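The values are calculated or read from the model by the stated rules, or taken from the named source; none is laboratory data. Source: prediction; values computed, not measured. Accessible surface is based on the protein model in full, side chains and every heavy atom, while ligands, DNA and RNA are left aside. Shrake-Rupley method; radii C 1.70, N 1.55, O 1.52, S 1.80 Å.
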Amino acid sequence: MTTSGSIQIPRRLPLLLTQDGVLLPGSSMRCSVDTPGNMELVRSRLLRGTSLKSTIIGVIPNTSDPATDSEELPAMHRIGTAALVVQVVGSNWPKPHYTLLVTGLCRFQIVEVLKKRPYPVAEVEQLDRLEELSSKTEFKEALGELSDEFYKYAVQLVDMLDSSVPAVAKLKRLLNNLPKDLLPDVLTSIIRTTNEEKLQILDAVGLEERFKVTIPLLLRQIEGLKLLHKTRNPKIDSDKRIVAIRPLRKLGGGAGKPFSLESADDDDDEDSDDIISLEKKIKSCNMPEPAMKVCVKEMKRLKKMPQSMPEYALTRNYLELMSELPWSKTTRDRLDIRAARILLDNDHYAMAKLKKRVLEYLAVRQLKNNLKGPILCFVGPPGVGKTSVGRSIAKTLGREFHRIALGGVCDQSDIRGHRRTYVGSMPGRIINGLKIVGVNNPVFLLDEVDKLGKSLQGDPAAALLEVLDPEQNHSFTDHYLNVAFDLSQVLFIATANTTATIPAALLDRMEVLEVPGYSQEEKIEIAHRHLIAKQLAQHGLTPEQIQIPPETTLEIITRYTREAGVRSLERRIGAVCRAVAVKVAEGQHRDGKSEPSDITDVEDRKANPSEDSRPRDISSSADLSLPPEMPILIDHHALKDILGAPMYEIEVFERLNQPGVAIGLAWTPLGGEIMFVEASRMDGEGQLTLTGQLGDVMKESAHLAISWLRSNAKRYQLTNASGSIDLLENTDIHLHFPAGAVTKDGPSAGVAIVTCLASLFSGRLVRSDVAMTGEITLRGLVLPVGGIKDKVLAAHRAKLKCVIIPQRNEKDLEEIPLNVRRDLTFVFAASLEDVLNAAFDGGFLLKRGQELLNSKL
C-alpha cells in the first residue's frame, strides 16, 4: 500500500477513463460509463466487490478522440486521481450505461500498465507527499505569503455569496476547517474553469505551483461576480441573496460536469425570466379561487426546486397547462334565428327534425343567456351526415368546433386524464380539447360514442357520466388537473350508429335525436346540391366539362349502391369524375400539340356545326378518343362503361314465385333492409330447423309462429302434405333466412314468419309487392316495433308497393317524407288475421274458403 497522511491507496489500481470531466482530489463528480472497458470495470470490480479496497479506482482523463473506435488502449493522461466510488446507478435508456458518483482522494502517476483487457489495470505511484508538510509552521515556512494570499481571495469569493444557502454555509466551514494545502483542488472544482485549466491543476504536483496556477482563476471568478452584481441591480449591490441562490442551484452539475458558478447562473437567468412570465400569465387568466390557490402553491414549490429534479419539469408543465386553459375566455354566440335557419338549410337537405331542435336551442339561448349546454346524441346509419351536422351547428353558433373520436377507446384515462404521480401523465381528451380551442364554450363532437371499449384500465363510458350530465359537469374534475373545471357552457354532441351498445346510464344523460336514412328523391337532391359539385372541385373539373343528369344519379342510387346514407353514392360519383378527368387531360394534351386526332371528324364538324352545341356522351369507344370540347354527358351506357355491370338488381319478383316465401323488413345499424324468409317442408318427425345465424329473439318468434298456426289450422283450413290439420305430423319444417353470414336478431320478424309458413301450408303465393314488419304474441296480436322510417325507406328502395306495419306504429309515419308515403300503401294490422288478409291477393280467409268449396264441388 502507498501511504499519504491518512489516505492509503493500493499500488495496483483499475483505471476508469473519463472523456468529459477532470476529477481533482477533495471534489466529487458524476461519470457516465458506457464504453465496453469501463462497463466491464463496473460489473467485475464495483458490483461484485465486497471490501472497501474494491471501491477505490483510478480516474484518468482520456485524451484521445471519442469518435475513434479502436481495439488498442486509448491515450491516457500520465497523472490521475485515486477515487472512492460512492454510488453506482444503472439504466437501459437510451442505451445500457452506468452513472458513478466518485470522490477524489489523491494524485497518482502511472508507472506501468499491467493489463489492458477487459479493463486496464496499472501500477501507480503516489504523488501527494502531504506528510512532509504536516505541521502549520512547516507549511507557512515553505509557502510563505502565497497561501495567505490564496486564502484571502477564497474568503472574498465566499463572502460574495449568500450564507443562508446551506451549500454556501458548508463552503465557509470548509475554508475554516480544511488544511490550506487542500483548498486549491476543492475551490478549482467549484469555480468555472475549463478542462484544460483543470488538467494544469492536476499536473501541478508541487503545492507552490498549484497555488500559483489557482490564484488567477479565483480572481477571474471574483471579477465576474462583481460585474454580475452591477448588471443585476446597482441599488441593492449589498444584498447577496440575489446572486447566490441561483448559481448554487446547479452546484451538483450533470454527468461528467463538476460544479460551476457562472454557467449555472447564466442558464438560470433565462429560466427565471420564464418563471416570472409564467407567474404573470397565471395571474392574468382569471381562474377560479380554488384553482388559483393550487397554482400559487405549486409556483412556490417550483421556485425552491432544483431544475435537476424530475419533478421540476412535471410541475412546470402542469402550471403551463393551467395558464393555457380557457377559464374565462368565451365566444359570443351569433343569435340570429333567421340566418341560422338559412345556413342549416343550405348545408343540409332534409333532416327537418334535427334542424328544428337546433333552432329551438338557439331561440332559448337568445331569451336566456345562461342556458346550460344540452347533450345531444345523433343516432343513425353511417353516411347520413351526423358529423357534418355537428360542424354546421358550431358554424351556426359562431363557436369553435372540436371533434373527439371515441371509437375503440378503452382506457378511462383518455377521458379523465392520468394522475400526476405517473410518468408520462397527461390530461384527458376533454381538457386537452379545451386547451386546443382556447374557449370554454365550444361545440364538442363525441364521435362514435357507441363504440367505446372496456378493459383493465377502466370503463371510459363510466368516465363520461360526469362529462355528459348537465347537473354535474359544472365541476368536472380531471385527474391531471385535480381541480374543478366548468363544462356547463360546452355544447356536447354525440354520434352513434345504434343505442343498443350505449350503457343505459350514459344514454339517460343524452337527448337522442334519430337521423334516419334518405329516400331516393332526397339522395338525388343531395347529390345535385352538394356531392357532384364537391367531386367536380376535387377532381379539377367544371360543369362545362361533365353533365350528370338526375336519371343517371337515380340509376347510381338504385343499381350501384345499397345504403341509408350517401357515402357510397359520393364514391361512385367520384369514380365517374376520375374517368372523365382522364379524357379531359388527354384532350388538353392533344390540343397542346395542335394535332387533330381524326381528320374526318374535323371535316364532319365543319359540315355540321350545330352538333358542337350538344353535350356528348362517352358511351362508345370511338367517342372516348375524341377531345372533350363539349360537356361529356353521363348516360346509361357511359355509366355502365365506367362503373361496370350493376351491382344490385331487384329480385323480389323472382324470389316470390313459389309458396313459402315472404318479405320482412329489418333494421340494422347501416339502415333499413328487406329480408326474405323462406320455408320448406318434408317428411319427418315434426322437427323445426332454423338457419341463417338467428338470435334468441328470432328463434322464439319462429316457435311462436308455428304454435299459432297449429292452434288455428282448423280455422284457416291449413293442412300438411298428407292432408292432416296437425301441421307437424310426420313433417319436418326448415325455416331459412338468406344472407346466412349476417347475424340477425330482433323482435320484428314474427309477422313475416307467420305469413311465410301460412303460404307454405296453404300452397298460395304471397303478394310480390308486399313487405311487413311486426312482432306477434301467442294469441295472434301484432306488437309495435322500432325503426319504422328506416324500414319503410328500405321497402321504397326495393320498389315495393305495400307495407304492413303494426297498428300502434301508425304515428311513426309522420316522420316519413310525403313523396314516399304517396308511393306506398300502408296496412295497419292489429292481429295476424289482418296481416294474412293483406299479404295474399283477395284476402286469406275468403279466398281460402272459396278454394275449398270449389275443390268439393
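Keeping every protein chain in place, order Lys368, Lys699, Lys744 by accessible area at 1.4 Å, biggest value first, i.e. largest first.
Descending accessible area places them as Lys368, Lys699, Lys744.
Rolling a 1.4 angstrom probe over the protein heavy atoms, how many square angstrom per residue are accessible across the stretch 141-181?
It amounts to 54 Å² per residue over the stretch 141-181.
Which of the lysines could a cross-linker bridge to Lys368, judged by Cα under 19 Å and excluding same-chain residues fewer than eight apart?
Correct list for Lys368: Lys356.
Where a Cα-Cα gap under 24 Å defines reach, which lysines qualify for Lys714, not counting those fewer than 8 residues away within the same chain?
Qualifying lysines at Cα under 24 Å: Lys847, Lys856.
For a test of the definition: using alpha carbon positions, the gyration tensor, and the 1.5 limit on a/c, classify the stretch 778-845 as rounded, prolate or oblate.
On the way: a/c = 2.35, a/b = 1.39, b/c = 1.69.
Oblate shape, in that a/c is at least 1.5 and b/c is the bigger or equal ratio.
With every protein chain left in place, what is the accessible area per residue of the stretch 370-457 in square angstrom, probe 1.4 Å?
For the stretch 370-457, the solvent-accessible area averages 40 Å² per residue.
Could you order Glu125, Glu279 by accessible surface area, starting with the largest, using a probe radius of 1.4 Å? Don't skip to the answer; put the middle values down first.
Working: Glu125 85, Glu279 45 Å².
I get Glu125, Glu279, largest accessible area first.
Which value, in Å² and to the nearest 10, is the accessible area of Val165 when all protein chains are kept and the probe is 1.4 Å?
For Val165, solvent-accessible area is about 30 Å².
³J(HN,Hα) across the stretch 333-339 via Karplus (A = 6.51, B = -1.76, C = 1.60, θ = phi - 60°), whole Hz, x for Gly/Pro?
5, 8, 9, 10, 5, 5, 5
Would you list which lysines come within 25 Å of Lys534, measuring only between C-alpha atoms, while excluding same-chain residues fewer than 8 positions from it?
Leaving aside lysines fewer than 8 places away in the same chain, those within reach of Lys534 are Lys355, Lys386, Lys395, Lys523, Lys583, Lys640.
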